[in-house]
1. Charges only on Cβ, +1 for Lys and Arg, -1 for Asp and Glu: so what's the dipole of the chain about the Cα centre, in debye to the nearest 20?
2. Per the helix-only calculation at 222 nm, which mean residue ellipticity applies to the chain, given -39500 (n - 2.57) for every DSSP H run of n ≥ 4 and division by its residues, nearest 500 deg cm²/dmol?
3. How far is helix 367-376 tilted, in degrees, relative to the longest principal axis of the Cα atoms in the chain, given as a value from 0 to 90 rounded to the nearest 10?
4. Name the residue farthest towards the positive end of the dipole of the chain from the options 363, 350, 260, assuming +1 on Cβ of Lys and Arg, -1 on Cβ of Asp and Glu, about the Cα centre.
5. Going by average Cβ neighbours within 10 Å, how do the peptides 386-394, 2-10, 127-135, 74-82 rank, with the highest at the top?
6. Counting Lys and Arg as +1 and Asp and Glu as -1, each charge on the Cβ, what is the dipole of region 221-307 about the Cα centre in debye, to the nearest 20?
7. Relative contact order for region 331-429: what percent, with Cα pairs under 8 Å and sequence separation of 6 or more?
8. Return an integer: the convex hull volume of the alpha-carbon atoms of the chain, in Å³ per residue.
Amino acid sequence: MSEINKAPRGTNDITPEESYKWQFVEKKLIETAGLYGFKEIRTPVFEHTEVFTKNVGDTTDVVQKEMYTFTDKGDRSITLRPEFTAGVIRSVIEHSLTAAALPVKVCYTGGCYRYEKPQAGRLREFHQFGVECVGAASPAADAEVIALADGLLKSVGIEKISLEINSIGCPTCRAEYHKALKEYFKEHTDDLCGTCNERLDRNPMRILDCKSPVCSEIASKAPVVIDYLCDDCKAHFEGVKAHLDAINIKYIVNPHIVRGLDYYTRTVFELVSGDIGAQSTVCGGGRYDGLLEQMGGQATPALGFAMGVERLLMVLESQGKELPTPQPCDIYIAPMGEAAALKASQMCFNLRNEGFQALTDIVGRGLKAQMRYANKINAVFTLVLGDSELESGKAKLKCMANGEEKEISLDNIISEIYNARLDMLAEAIK
Ligand code: ATP
Ligand code: MG
């Protein structure tokens, strides 16, 4: 097949055989976040480029290497969102959402775009589910958001996942830390990659999440930020841990987590799976107390996280979790002849109005071929409708699982299907 007839590199089609898993997971995530008071927000897939360059940070991998940026026909620089937070906060400020009761709690789901080297768990179009909690400074807020991230993964059926937390301090304590980092990395300038050498003066912390093996090896022995926290940041981190302990959420402190985006302050965290290979971080998040002010809003503390839906599904699969399959066709009505076809259409229409999946022939097949089709689509019941059935007003409802037939009145089809479904349910839970 020629390249142009295939989905672009790093993108996936979600076919009908797969989409029910996405629907299940996204519904569950939104519902569970709803229990914590989060409401869905939908923002554009693209934003003005500055939304990301200024706020995600111009020395980050995302901005330096990964953005899909183009000039539109009106000569504006536009970027497909590589992440949600910057766009969502832009929206929160634009619509003065913080003027209502604080904290503002929003969640989102949708596609993100990053020009990366495609591999297992790393795509150019991928999907995130995430939340932002705006207007809460206390450690209890951090613990609640972390508990939600952990709880979400459990809610979709993930059993084993490890929670790692860290604090990367505030601008005050970070000044000292930057000094220490610069001193350390200056000894290694010959070995660091070109990008990291450029980062050294402007933002040495970015070297800590460089993906080059040589840089990561050097970074692994660098001073860790948690040793440089000011008293306030230390107290905050202790508070977060105390709250997590109180609600019995298990975590480990990993002093090497720094996160790849510039806006983070204080608490950062990741949920990491041992089941999906190298791209093991399913969820990442943290506090970003400076972002609203930086984006032209009022200074407002905030925090959030984002999880990769593809990676989440990979974990479910590797842990052998079966997701509920969609409701099959409740009834296939097989008409023979014109008059029966009209009646079948009418019956299907009524059944659908009552919430049943009802199908009939729209291809023009003979009876045998219709029954083969009903079998292929796993119809629960079938009903053959010919002249004699139309005349008598009665027909045989056949259960495809056991072949049993029951004569029913066509006028009662809805209650008959309803009762037959109930009987089957009762049988299934016996
Ligand atoms: P990584 O270290 O794997 O590059 P990241 O730090 O760039 O991740 P974030 O920006 O924190 O990732 O995004 C949050 C989540 O989104 C990640 O934990 C991951 O599950 C998912 N994610 C990020 N980039 C990709 C991608 N290219 N393909 C698939 N999922 C991704
Ligand atoms: Mg990345």
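Nothing in this text is a laboratory measurement; each read-out follows from the coordinates by a stated rule. Every value quoted in this text rests on a predicted model; they were computed, and no experiment measured them. All Cβ positions, even for glycine, are placed from backbone atoms using ideal geometry, and neighbour counts span all protein chains on display.
1. Values: 49 positive and 60 negative charges, 68 e Å.
The calculation lands at about 320 debye.
2. Working: 14 runs with 165 residues, N = 430.
So the helix-based figure for the chain works out to -12000 deg cm²/dmol.
3. 30 degrees
4. Final value for the positive-end residue is 363.
5. Working: 386-394: 13.1, 2-10: 8.9, 127-135: 24.3, 74-82: 15.6.
Top of the packing list down: 127-135, 74-82, 386-394, 2-10.
6. Numbers: 7 positive and 10 negative charges, 34 e Å.
It comes to approximately 160 debye.
7. Numbers: 120 pairs, mean separation 26.7, N = 99.
RCO, region 331-429: 27 percent.
8. Details: hull volume 88.2 nm³, N = 430.
Per residue, the Cα convex hull of the chain comes to 205 Å³.
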